[in-house]
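As structure tokens, the structure follows; a few thoughts come after it.
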Amino acid sequence: MTLYFLCLILFCVGLYGVLRKRNLVKIIVGLGIMEYAMNLFFVLLGYRFHGRAPIEAKDQDILNMVDPLPQALVLTSIVIGLGVTALVISIALRIYEKYGTFDITKIKRLKG
Amino acid sequence: MIDNPKTGMTLIVKTITRLTVGLIMLFGIYIILHGHVSPGGGFAGGVIVALSFVHLMLAFGKDTAIARISKNMASNLESIGAMMFLFIALLGFLGGSFFLNVFAKGSPFDLFSAGTIPLSNIAIGIKVGVGLFAIFLALVVLERSK
Amino acid sequence: MNNVTIIPFFVIIPLAAAFLISLVGRLVKRSGEVIIFTSSLALLGFSVYARFLLNSQVGKIMIYKIGGWMPPFGICMVLDGLSGFMLVTVNLIAFFVAVYSLSYMEQYTDKPKFFTLFSLMVCGMNGVIITGDLFNLFVFLEIASIASYALVAFGTEAEELEASFKYAIMGSVASAFIFIGIAFLYSFTSTLNMADMGRILSYKQNAWLIPFVGVLFLMGFGLKSALVPFHAWLPDAHPSAPAPISAMLSGILIKTLGVYSLIRIFFNIIGSTHGYLTILMFLGVASMLVAVVLALSQWDLKRLLAYHSISQIGYVVLGIGLGTPLGIFGGLFHLFNHSVFKSLLFLNSGAVDYAAGTRELKETGGLGKLMPVTAKTSLIASMSIAGIPPFNGFFSKAIIIIACLQKGFFGYAICAAIGSILTLASFMKVQKFVFLGEIKEKLKNIREVPFAMVFSMVCLALICVFGGLMLMPSLRFFLDDAVTVILKGTSYAGIVLEAASRQ
């Protein structure tokens, strides 16, 4: 139970990074921490007591495995996170070229 | 791979890279092909294949890596990988339903078993590997506009 | 081939078109345009055909099981009244915007890449509408969102990149909240199928889980649909995109990713309670008033239209939050009407931008004589959005206000009427500054825009004019079936599972 709370605290740490940091790269790092925390939370939901890894091999029976469905879904979610991170990093690089700074308080041409 | 002392890293790194790049790619292909028997599969194997090209680019400079896979070829290979995956999914219509597993299933834990799953793994492996390398290329070959 | 096998093609066709354009578009000239035109025409045809096919099915529902696996074990695709309604809306607007962008995108350098991203966005939206599995909805939602982040930054000017960065970060935070909500629901019900989850949630009670998950989903999907505390990305992102993409984003993306997903989860899976409906109505009225007041002070044409998008989504959410049959009917009718006239307004602003090269209201003037088609269609769309009879906007706004009065919410009805009056004022300003008045010196040589753009605008204007005919009894099945699905609430689960075992 404490493990789930620690995961959600890590999620809040990432959320703090996205909300309060002023450097573009630190915002992206905060987003990455949020993605890690939510994937970890989803995998930990599948734990069964005294379970073993859900890999099928010739000499082992199927009983006593942890839930394999969250592990497959988290694989998809990691790929999605990779795509978003790659896109946002290349946008941040081009913003540096055009504006000359990474500080979000100075990147404010759109107002009103 | 010619050693140009002005680009890339030192001589020690270049020598070790020449020895290990092939092994890294072979390991990646092994993980892709055994996706239905052991953990791994298309995405994880594809990332390792992409890392072999990135290793080449880091050690020798970007010109050597671009000589192996140019930007156009990366984009085309990526689309071909995605079309292969869609084609395998459409093959399910021959059996009656979208995405159905229509090939012979074989016996478990063999290399040639589980129907269309290894073929899907290969398609995803090609797409992810080339796609991740194309992302690195796009970030490195950024033209300075000023 | 069975009737039901048409359903996966809504996802297969745009996906195949996207990768085919990315492969062939640079090699063969004009092949990108041909592929996108045929694929969007095919999607429009299929969606209308599927909607008529639905009328003849027993129980008005069609289920497609992917891979032949039965629903709690496999993913199923569900086509019922609400999905059919949303599919026709999305594919209609996507077809007209695709035709428009055939000649608008000549100004940008990389047309095949644009059509690839456009097709991926349509694939994501169609996937969100027809899927019957909660994690599958999340995956398609991410596909459509990532394609839209890239499309907003398409021109790579400084302001477009800033807007796209802001949109991408806020959209990713919203997706993170949605994912955690899905994780909590999975841990409680141990299934991901929507129908199965609805069935289990109706007899397994828990005191704190449902409100907690409800708040998480409201934050996540509320940001995607730009309700008022979560609207700050929209006035920057929608003007910065190229004009056809602004039409797609404002017209259909915020509705499928936001409002449709909210309806599906809150009405069919979790089960709506009085508290949620009150919160939805309150957020709807807040969006209506705050956005229309902020729009009065804008001098950039597309930014003004973006604020009005937020305001009209407030009308839709108010209508749906009422919970009565008339209210939900009004909300869904306004959703369809808003897609049509807001896309038309953004396409008009794109035509003004293409011809005159500017978006500021103070620099344009007197374009009505030089661009007659654009001026007339813009007048029709402005009268629709302000709610003037006999255009379609009047009917949907009137139904929402009457439904508010029927339920006794006099304050909300007065707010809706005030919002409508302020919208009229805003669009009178647009009409005066853009199309009437004196022609400025440097704009004396502009001409009407090319044929493809004119065709899209005229067709959308005709739908605006004749949209009120959808209230006629012979055509009312289109909206009535969607309202029935929402009102049936959690018995959606029983209907889907029974149909899956039958077909």
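The values are calculated or read from the model by the stated rules, or taken from the named source; none is laboratory data. Treat the numbers as computed from the prediction; the structure is a model and nothing was measured. So basically every Cβ, Gly included, is an ideal-geometry build from the backbone, and we count neighbours across all protein chains shown.
Among the residues of the range C:1-34, which ones are under 23 Å from C:Phe85 (Cβ atoms), more than 8 Å from chain B (Cβ to nearest Cβ), part of a helix (DSSP H, G or I) and in contact with a helix residue (DSSP H, G or I) (Cβ under 8 Å, 6 or more places away or on another chain)?
Hits for the range C:1-34 are C:Asn3, C:Ile6, C:Phe9, C:Phe10, C:Val11, C:Ile13, C:Pro14.
For residues that are under 14 Å from B:Val140 (Cβ atoms), free of Cβ contacts under 8 Å to residues at least 60 places away in the same chain and surrounded by fewer than 22 Cβ atoms within 10 Å (Cβ to Cβ), tally how many sit in the range B:32-58.
Going through the range B:32-58 one residue at a time, the tally reaches 2.
Looking at the range A:21-65 only, could you name the residues that are without any contact (Cβ under 8 Å) to a residue 60 or more places away in the chain and in contact with a strand residue (DSSP E or B) (Cβ under 7 Å, 6 or more places away or on another chain)?
Within the range A:21-65, A:Gly51, A:Arg52, A:Pro54, A:Asn64, A:Met65 qualify.
Just need a number here: residues in the range C:292-337 that are outside any helix (DSSP H, G or I) and hydrophobic (A, V, I, L, M, F, W, C).
2
Scanning for something farther than 23 Å from C:Val290 by Cβ, touching a Gly at 6+ places or on another chain (Cβ under 7 Å) and either modelled with pLDDT of 90 or more or not aliphatic (A, V, I, L, M) (or both), does the range C:446-469 turn up at least one residue?
Within the range C:446-469, not a single residue is farther than 23 Å from C:Val290 by Cβ, touching a Gly at 6+ places or on another chain (Cβ under 7 Å) and either modelled with pLDDT of 90 or more or not aliphatic (A, V, I, L, M) (or both).
For a quick check of your reading: which helices (runs of 4 or more DSSP H) sit entirely within the range C:343-424 and have at least 3 residues that are among the aromatic types (Phe, Trp, Tyr) and over 21 Å from the mean Cα position of the chain (by Cα)?
none
Out of C:Val454, C:Val449, C:Val458, I need the residue that is within 15 Å of C:Val373 (Cα to Cα), in contact with a helix residue (DSSP H, G or I) (Cβ under 9 Å, 6 or more places away or on another chain), touching a residue at least 24 places away in the same chain (Cβ under 8 Å) and not in a helix (DSSP H, G or I). Which one?
C:Val449
Scan the range A:52-70 and tell me whether some residue there is assigned to a helix (DSSP H, G or I) and within 13 Å of chain C (Cβ to nearest Cβ).
Within the range A:52-70, one or more residues are assigned to a helix (DSSP H, G or I) and within 13 Å of chain C (Cβ to nearest Cβ).
Just the residues that are within 14 Å of chain B (Cβ to nearest Cβ), part of a loop (DSSP other than H, G, I, E, B) and in contact (Cβ under 8 Å) with a residue 40 or more places away in the chain, please, taken from the range C:65-93.
C:Met70, C:Pro71, C:Ile75
With (1) surrounded by 18 or more Cβ atoms within 10 Å (Cβ to Cβ); (2) within 7 Å of another protein chain (Cβ to nearest Cβ) as the list, and A:Gly83 as the residue in question, which single condition is left unmet?
Of everything listed in (1) surrounded by 18 or more Cβ atoms within 10 Å (Cβ to Cβ); (2) within 7 Å of another protein chain (Cβ to nearest Cβ), A:Gly83 misses just condition (1).
Taking the range C:227-255 as the region of interest, how many residues are of a type in the set (S, T, N, Q) and more than 14 Å from the chain's Cα centre (by Cα)?
Residues flagged as of a type in the set (S, T, N, Q) and more than 14 Å from the chain's Cα centre (by Cα) within the range C:227-255 amount to 1.
Listed residues C:Phe165, C:Phe184, C:Phe179, C:Phe140; which is within 12 Å of chain A (Cβ to nearest Cβ), out of contact with any Cys (no Cβ under 6 Å at 6 or more places or on another chain) and either surrounded by fewer than 21 Cβ atoms within 10 Å (Cβ to Cβ) or polar (S, T, N, Q) (or both)?
The unique qualifying residue is C:Phe184.
Would you check if there is a residue in the range C:266-281 being within 16 Å of C:Ala416 (Cα to Cα) and of a type outside the set (Val, Ile, Thr)?
yes
Does any residue of the range C:194-202 turn out to be in contact with a Ser or Thr (Cβ under 9 Å, 6 or more places away or on another chain), modelled with pLDDT under 90 and of a type in the set (Ser, Thr, Tyr)?
The answer is yes, given that some residue of the range C:194-202 is in contact with a Ser or Thr (Cβ under 9 Å, 6 or more places away or on another chain), modelled with pLDDT under 90 and of a type in the set (Ser, Thr, Tyr).
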